[in-house]
Structure formats: structure tokens, C-alpha cells
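The values are calculated or read from the model by the stated rules, or taken from the named source; none is laboratory data. Since we're looking at a predicted model, the values are computed, not measured. All Cβ positions, glycine included, derive from the backbone under ideal geometry; neighbour counts span all protein chains shown.
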Amino acid sequence: MDCTITTTTINKARQRGASLPETMMAVGISSMVMALLASLLVYQARSCAAMAGYSDMDRYSRNAVDLMTKELRQANRITACTTTNLTAEMIDPTSGTTNSLNYIYSPSSKTLVRKFKGTESTLLKEIRPNSMKFSMFQRNPIGGTVEAYSTTDVNLCKVIQFSWLCSRTILGNSNYTESMQSAKVVVRKD
């Protein structure tokens, strides 16, 4: 009788599963990676919202500056000016009629409104409270500079300066995106 003993070797590495410490380590590392990805996603969303806000507000501000500059240069004269309101007299070149052009800043609604020939249009929204300002200057410069003498007399006014700061919140957070504009415009007609 022949007795042969057969032995089978079992590869223990194949049968072995992940131990509890290994599993906990993998879950911990995965959680940290997911948290890092989530924070990067929130940061990117905030950055994109800020860039879109800057771009949007800058476009509206530049359009308002362009329109106001064009109209004020063609104004016949300034008839009234406060820090929040500006009124200019415009003469229609085709009919010769005199019209009043008004720019009115409302701190409560944070808007700049343009009124002309009975039509109202909103030029700007989201103006930061108390940042909108109109100022009047005389034509003659201060000796050796490009600065002009300020005035409160509309009869002496030949230069108008306006400035504002627009802002909006980012994703409901108190961080602001801001766009500041300022311009000095010479009233060309006398």
C-alpha cells in the first residue's frame, strides 16, 4: 500500500481581507481628500462669482460714464447741482427746444436714474450708500496744475465731477465685489 500524503498550500495573502485598522485608515484618507475637494469647489465658486460681479458692475458703470460724459459735454449749461442730483439744460439741435436732463441718485434704492423729456431710465443699480457724489468746478485751473477751483455757483460751473462705488455681496456672504468710477467732464457750450 502506497501512502502518499498530498499537501496543498493555501496562499494566505489571497484569502486575507482588509483589517479594521486598514479600513479605518482608508476611510480617513478618503474623507480628507473629499473635504479638500469640497473646499476647493466652494473657493472656485466664490472666485467665479466675484469675477462675474466685477465684470458686470464694471460694464454698467462704464456705460453710465460714457452716456453721462457724452450728454454733459453737449449740455448748454448746468442749472442745478447737489451731491446727489444734477440738472443740465439741453438744447435740441433740430428743433431748438430746451429740455431738462436730470441725474438723480437715490441712497435708499441705491440707484442712479436719468430723466430726460419725460422718460425715466435707471442707469445704475447697487450703488453703495453715500458713495455717489456730484461736484462743480470752474473752468480756470489752479496755477500750474490740472485741478480746477470748486464752485457752488451754477453760473460759474464749467466742469462736473461725478463718482460712485457699486458693490454686491458674493454668494450671500458679507464679502463685497466693488467697482469704482469717477470722471470730470467739461461742459463745452457756453
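Worth a mention:
- Qualifying residues in the range 78-92 (those that are in contact (Cβ under 8 Å) with a residue 40 or more places away in the chain and in a loop (DSSP other than H, G, I, E, B)) - the one surrounded by the most Cβ atoms within 10 Å (Cβ to Cβ): THR84
- Exclusive hit being outside any loop (DSSP other than H, G, I, E, B), among the small types (Gly, Ala, Ser) and under 18 Å from SER182 (Cα atoms), set SER100, SER163, SER131: SER163
- Look at the range 98-120: where a residue is closer than 22 Å to ASN76 by Cβ and a partner is loosely packed, with under 11 Cβ neighbours inside 10 Å, sitting 6+ places away or on another chain with Cβ atoms under 6 Å, you get ASN99/LYS117; VAL113/GLU120; ARG114/SER121.
- The set of residues in the range 34-66 that are among the hydrophobic types (A, V, I, L, M, F, W, C) and surrounded by 14 or more Cβ atoms within 10 Å (Cβ to Cβ) comprises ALA49, ALA50, MET57, ALA64, VAL65.
- Scanning the range 164-180 for residues that are more than 14 Å from the chain's Cα centre (by Cα) and either polar (S, T, N, Q) or at pLDDT 85 or above (or both) yields ASN173, SER174.
- For the range 63-71, the criterion of being at pLDDT below 85 and in contact with a strand residue (DSSP E or B) (Cβ under 7 Å, 6 or more places away or on another chain) is met by none of the residues.
- Residue match in the range 138-152 (condition: aromatic (Phe, Trp, Tyr), more than 22 Å from the chain's Cα centre (by Cα) and surrounded by 15 or more Cβ atoms within 10 Å (Cβ to Cβ)): no
- Filter pass, TYR103 being on the phi < 0 side of the Ramachandran plot, touching a helix residue (DSSP H, G or I) at 6+ places or on another chain (Cβ under 9 Å) and not hydrophobic (A, V, I, L, M, F, W, C): yes
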